[in-house]
Amino acid sequence: MNASDIGQLAYLVLLGAAVVGWFIAQNRQNLGKTAQQAVLWGLIFIGFIAAVGLWGDIRNSVMPQQSLIANGQAIEVPRSPDGHYYLTLKVNGTPVRFVVDTGASDVVLTQADARRVGIDPAQLAYVGTATTANGVVRTAPVRLDTVGLGNLVARGVRASVNGGQMQGSLLGMSYLQRFGKIEITGNKMILRN
């Protein structure tokens, strides 16, 4: 701090002391109640300042969002609070949220997501099997007309519909191998063309 900063600080402290002194003199009969109200307003002010300062972190923690960078040459996928990476792709024109799963060899749709994109799970032949952490499940092979991620649109993508219960659809290596590089750094996954 230079001399000018010290002078300004001293002026603000004296001004603040004068205002506080005047306020106490004016409200000396109800000093206890006035102090309670002052503390309450002070806490509200501090809470507001903290919320404004932390808003970016709160928003990214509660609802992280994928983003396209460098003219569509890369996609940044933030890690969600549960530790997974989620991507929303347009499958047959319908947004579907996927868990990015490098341990899955295929794109696997839940039955609910299959219905949303125009596939009737009741009409499928569940002739395949997949070994999962929950055991062996039956799968039905399908072809997705279009799978879009930003300006990247793939046609005729091989996928499976899970015959059992799943919490969410999986984006496996049959789709992820379309990217030239998959990088995990900090709290984000970067998919590069």
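The values are calculated or read from the model by the stated rules, or taken from the named source; none is laboratory data. Keep in mind that what you see is a predicted model, and the values were worked out from it rather than measured. Using ideal geometry, Cβ is built from the backbone for each residue, glycine included, and neighbour counts are taken over all protein chains shown.
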- Query: What do you reckon, is residue 3 over 23 Å from residue 153 (Cβ atoms), at pLDDT 85 or above and out of contact with any helix residue (DSSP H, G or I) (no Cβ under 7 Å at 6 or more places or on another chain)?
  - Reply: no
- Message: Consider segment 66-101. How many of its residues are among the hydroxyl-bearing types (Ser, Thr, Tyr) and at pLDDT below 85?
- Response: 2
- Message: Test of understanding: among 156, 135, which residue is closer than 14 Å to residue 178 by Cβ and either exposed (fewer than 12 other Cβ atoms within 10 Å of the Cβ) or basic (Lys, Arg) (or both)?
- Response: 156
- Task: Output the qualifying pairs, or none if there are none: Cβ atoms under 8 angstrom, residues six or more apart or on different chains, first residue in segment 142-161 and without any contact (Cβ under 8 Å) to a residue 60 or more places away in the chain and part of a strand (DSSP E or B), second residue of a type in the set (A, V, I, L, M, F, W, C) and surrounded by fewer than 13 Cβ atoms within 10 Å (Cβ to Cβ).
- Result: 146/153; 147/153
- Of the residues that sit in segment 162-183 and are in a strand (DSSP E or B) and free of Cβ contacts under 8 Å to residues at least 40 places away in the same chain, which one is surrounded by the fewest Cβ atoms within 10 Å (Cβ to Cβ)? 181
